[in-house]
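Below: the structure, in structure tokens.
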Amino acid sequence: MTNIIKRKNLSELVADQLLDGITSGHYKSAQKLPVEKDLMKIFGVGRSTIREAIKSLANSRYVNVFQGRGTFVATEQQQENFLMAAILGADTSSVQEIMSLLETKIIQNATLETSRIDLSSLKKLLENCAEAVSEVNLKALVIGHFDFYQALGKIGPNRVLIELYNLFVNKIKNDIYLSEQVLDSFQLLPDVYSGIINSLINRNRTLTVDFHCKVASIFYDSALWS
């Protein structure tokens with residue numbers, strides 16, 4: 001079987017290089033980019049190529065284009081607002097998929113920093129989850145789930161990862177409701193959370209990930225979300 005490799009066109013290559021300049025800090029937040037004529041000289045391409053590249057970056061909200069004023073790097077707040085708009089506009093299945101992926105990475109990172117585990121804090125969160133199950137308080141269990149993974153995220157070394165996870169959680173946790181028909185499945189969660197804690201303490205990365213997969217199979221089963 002032959003795999004077809006898609007080659008990027010000139011405008012995509014220019015957009016990539018401009019984006020590298022933005023993410024590296026060469027072009028700073030709110031800074032004006034060089035005018036079209038200068039960009040044409042910098043990249044050795046025509047006007048239409050530059051315009052396509054700028055259009056692509058503008059569509060992705062990395063830059064703002066103002067008629068008669070020029071093109072400016074979007075501020076962090078503007079980029080965050082765009083991300084939040086995308087989150088709020090996403091369908092349930094998309095949000096579930098992203099949250100599950102983020103939690104998987106949080107677990108993997110936590111296994112690398114087991115010396116930083118706050119055992120008392122995690123056990124308290126575990127007690128809260130168990131109490132939510134006993135009281136058939138599914139809303140509290142949802143909040144408890146996110147609190148548990150936020151606590152695990154603080155163990156790992158990747159600050160950006162946990163900030164992104166927090167961003168999702170803070171925007172969606174109050175809008176999630178579960179049907180009571182899922183109670184039988186959710187009653188298993190406290191024991192599985194406990195398994196995650198114990199396997200982290202024992203530095204058993206494989207078992208930690210296995211327990212996390214059990215959590216994900218229960219919590220992110222699309223049939224459980226109303």
message: Of the residues 50, 22, only one is farther than 26 Å from residue 80 by Cβ, surrounded by 15 or more Cβ atoms within 10 Å (Cβ to Cβ) and among the β-branched types (Val, Ile, Thr); which?
response: 50
message: Go through (1) in a loop (DSSP other than H, G, I, E, B); (2) assigned by TED's automatic domain parsing to the domain that holds residue 210 for residue 68 and report which single condition fails.
response: (2)
- prompt: at pLDDT 80 or above and more than 30 Å from residue 79 (Cα to Cα): does that describe residue 187?
  reply: yes
message: What are the pairs with Cβ atoms under 6 angstrom where one residue, in the range 24-46, is in a helix (DSSP H, G or I) and the other, located anywhere, is surrounded by 14 or more Cβ atoms within 10 Å (Cβ to Cβ)? Sequence gap at least six, or different chains.
response: 36/50; 39/50; 40/50; 43/14
task: Check off (1) more than 26 Å from residue 134 (Cβ to Cβ); (2) surrounded by fewer than 15 Cβ atoms within 10 Å (Cβ to Cβ); (3) modelled with pLDDT of 85 or more for residue 163 and give me the number that stays unchecked.
output: (3)
query: Among (1) closer than 28 Å to residue 148 by Cα; (2) at pLDDT 75 or above, where does residue 92 come up short?
result: (2)
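Residue by residue, here is whether (1) among the basic types (Lys, Arg); (2) modelled with pLDDT of 85 or more; (3) out of contact with any His (no Cβ under 8 Å at 6 or more places or on another chain) holds:
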position	(1), (2), (3)
69	yes, yes, yes
80	no, no, yes
127	no, yes, yes
132	no, yes, yes
138	no, no, yes
144	no, yes, yes
149	no, yes, yes
message: If I ask for residues that are closer than 24 Å to residue 167 by Cβ and surrounded by fewer than 16 Cβ atoms within 10 Å (Cβ to Cβ), which ones from the range 109-123 would you list?
response: 112, 113, 116, 118, 121
- prompt: Out of curiosity, is residue 151 in contact (Cβ under 8 Å) with a residue 60 or more places away in the chain and small (Gly, Ala, Ser)?
  reply: no
message: I need the full set of residues from the range 98-122 which are in contact (Cβ under 8 Å) with a residue 60 or more places away in the chain and part of a helix (DSSP H, G or I), in order please.
response: 98, 99, 100, 102, 103, 104, 107, 108, 110, 114, 119, 122
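The values are calculated or read from the model by the stated rules, or taken from the named source; none is laboratory data. Because the structure is a prediction, the values reported are computed rather than measured. We place every Cβ from the backbone using ideal geometry, glycine too, and count neighbours over all the protein chains shown.
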